[in-house]
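Just so you know, all these numbers are worked out from the coordinates, no wet-lab data involved. It should be emphasised that the depicted structure is a prediction, and the values quoted were computed from it without experimental measurement. Cβ sites come from the backbone with ideal geometry, for glycine too, and all protein chains shown count toward neighbours.
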Amino acid sequence: AGASSIQQVDVAVVGAGFAGLYLLYRLRRAGFSAVALEAADDVGGTWYWNRYPGARCDIATTDYSYSFDPELEAAWEWSEKYATQPEILAYLGFVAERYDLRRDIRFSTPVTAARWDEGEERWHLSTGNGDPVSCRFYVMATGCLSAPKPPEIAGSEVFRGDVYVTGRWPREGAALQGRRVAVIGTGSSAIQAIPLIAEQAAHLTVFQRTPNFALPAHNGPPLPERAARLAADRAGFREEARWSMGGVPLPPATEFSWQLTDGERRERFEKAWAAGDLIVALTQLWADAGVDADGNALVAELIREKIRTVVKDPATAEALCPYDHPFGAKRPCLDTGYYATYNRPNVDLVDLRRDPIKAITASGVETANGSYDVDVIVFATGFDAMTGAVLALHPIAGRGGIALSDAWAGGPQTYLGLTVAGFPNLFLVTGPGSPSVLSNMAVSIEQHVDWIVDRLVALREAGFATIEATQTAQAGWMRHLQDCSAMTLHRLANTWYTGANVPGKPRGVMPYTGGVGPYRSICNEVAGRDMLGFRLSGPGVAPQC
Ligand code: NA7
């Protein structure tokens, strides 16, 4: 390609989901030229790809919204307590239209390689569609759950029926009506989809490796109390969310389980169960529920009691009861009729811990003790989370040609979850090492984007061309990350939080467990202390940025 056919911009963004759209909005207003490169043919990111039946956000609509423009907030009204995938996709489309963002998005354009040019101090991007891009700053707005994990089951390719993957559900929907369907997996996607699939299928067999904790969503109109609080003081509500632990404005519980009687604990639990809100269940019961095995075991048993009450067949109920991990250490789920679905005559559960899958065959699924002929297999087997979204997309070569996949061979290394030593002018939104998936993503995304764009503005004002985390700062952040996770129960579960769901992936709690508010104050402090932990270069006139 000739030099004239290279697209030159200040900032290139990968992804046009929740993060990519807000980045474009902020970058443009800050006077940067920017382009977003999006593999899909429309905006939406996670909400574009996850079209499976029942796909919804587990954070209430009062909280899962952009907050950067009060006029946008006033212009959009959510119809339910928890929004469906189509409504969130419509919202993101509405945002793209309102700020005319589509003109800076190149759709159906995957980035195929990214290389830092040390001489030019620019990133060079090859794309799978159209001109390559040269940019000074490169921002990954690639989401955390974007790269579906291969099924890792022998014989998947020989199956003669239809195969669907929840994270790549076809636009036109799936043919399930009156058919024999297998769902493999019982994570959040499966738990949302199973009740609706069961209504359509002639027969549904669910293959469960690890049972999950799920609470009823009690979906309906937006929560009147929270909606009223938001309406009364929108700015205050949003600000409180930014400084909260999970990105939802709820003060943490202060009483410990052992300070409460059995009756008081039950009362609190029943209230949380009736609220149908994960953040309430995770943070409002008692102070030791999330950090202490004993405090946690009390919650876990109360949930198991509920499962046994709903599911009529005692053996199925017991198979659905999670014992292997603390409540909250694996991402818990919100459901609508999930457990009751197992009371339907057309639904069976296969417990893979007792009867593991041997292979997928031309006609269905073969386990150690049986075989199940089906017309459709739905893989709800999850994602190569957090790092997959960055690494699986394309090779990224930083200073000295070092590959990000090599730099992260032992697990993801970042400074603040936002930057990587050896990769100048590269930023990650909700990267590993940030609270991201342990928070309300809407709040985290806005914070990361604001922090990144504010830094770019400051660099420009001070005349610097590059910014790069030092190895020392990165090592310190990784140490802090480990110290924080040692104080939680997340390390005790085999989950996508720790990389355990992908064979061969290095293990370690990837998100920052210290909370959204504390993390925000650290990010602010880094900026306020002359960009502590960063090396800046260029003809800069002042150290302050
Ligand atoms: P998850 O939560 O990773 O769930 C995937 C499920 O698939 C889980 O039950 C896995 O069992 C199961 N799985 C994965 N691979 C296999 C194989 N090879 N055989 C049998 N079962 C398997 O992904 P989701 O898409 O449901 O949810 C991801 C997040 O999106 C969710 O947490 C929310 O934050 C939104 P395992 O537990 O690994 O034994």
The helices (runs of 4 or more DSSP H) lying wholly within the range 314-399 that contain at least 2 residues that are farther than 16 Å from PRO211 by Cα are 388-391
When the range 463-515 is checked residue by residue, the ones that are more than 22 Å from PRO326 (Cα to Cα) and part of a helix (DSSP H, G or I) are GLN471, THR472, ALA473, GLN474, ALA475, GLY476, TRP477, MET478, ARG479, HIS480
Within the range 77-111, the residues that are under 28 Å from PRO132 (Cα atoms) and in a loop (DSSP other than H, G, I, E, B) are TYR99, ASP100, LEU101, PHE107, SER108, THR109, PRO110
Within the range 180-210, residues being under 19 Å from ASP355 (Cα atoms) and in contact with a Lys or Arg (Cβ under 9 Å, 6 or more places away or on another chain) number 9
Within the range 457-488, residues being in contact with a strand residue (DSSP E or B) (Cβ under 9 Å, 6 or more places away or on another chain), hydroxyl-bearing (Ser, Thr, Tyr) and closer than 29 Å to MET245 by Cβ number 1
Of the residues in the range 56-74, those that are surrounded by fewer than 17 Cβ atoms within 10 Å (Cβ to Cβ) and either under 20 Å from the mean Cα position of the chain (by Cα) or under 23 Å from ASN219 (Cα atoms) (or both) number 2
Taking the range 194-224 and the residues there that are assigned to a helix (DSSP H, G or I) and of a type outside the set (A, V, I, L, M), the one that is farthest from the ligand (Cβ to nearest atom) would be PRO224
In the set ASP348, ASP375, ASP384, the lone residue that is buried (at least 19 other Cβ atoms within 10 Å of the Cβ), more than 13 Å from the ligand (Cβ to nearest atom) and acidic (Asp, Glu) is ASP375
Filtering the range 488-518 down to residues that are surrounded by 23 or more Cβ atoms within 10 Å (Cβ to Cβ), over 16 Å from GLY187 (Cβ atoms) and within 12 Å of the ligand (Cβ to nearest atom) yields PRO511
Residue hits (the range 198-223; over 27 Å from the mean Cα position of the chain (by Cα) and either among the acidic types (Asp, Glu) or exposed (fewer than 15 other Cβ atoms within 10 Å of the Cβ) (or both)) are GLU199, ALA202
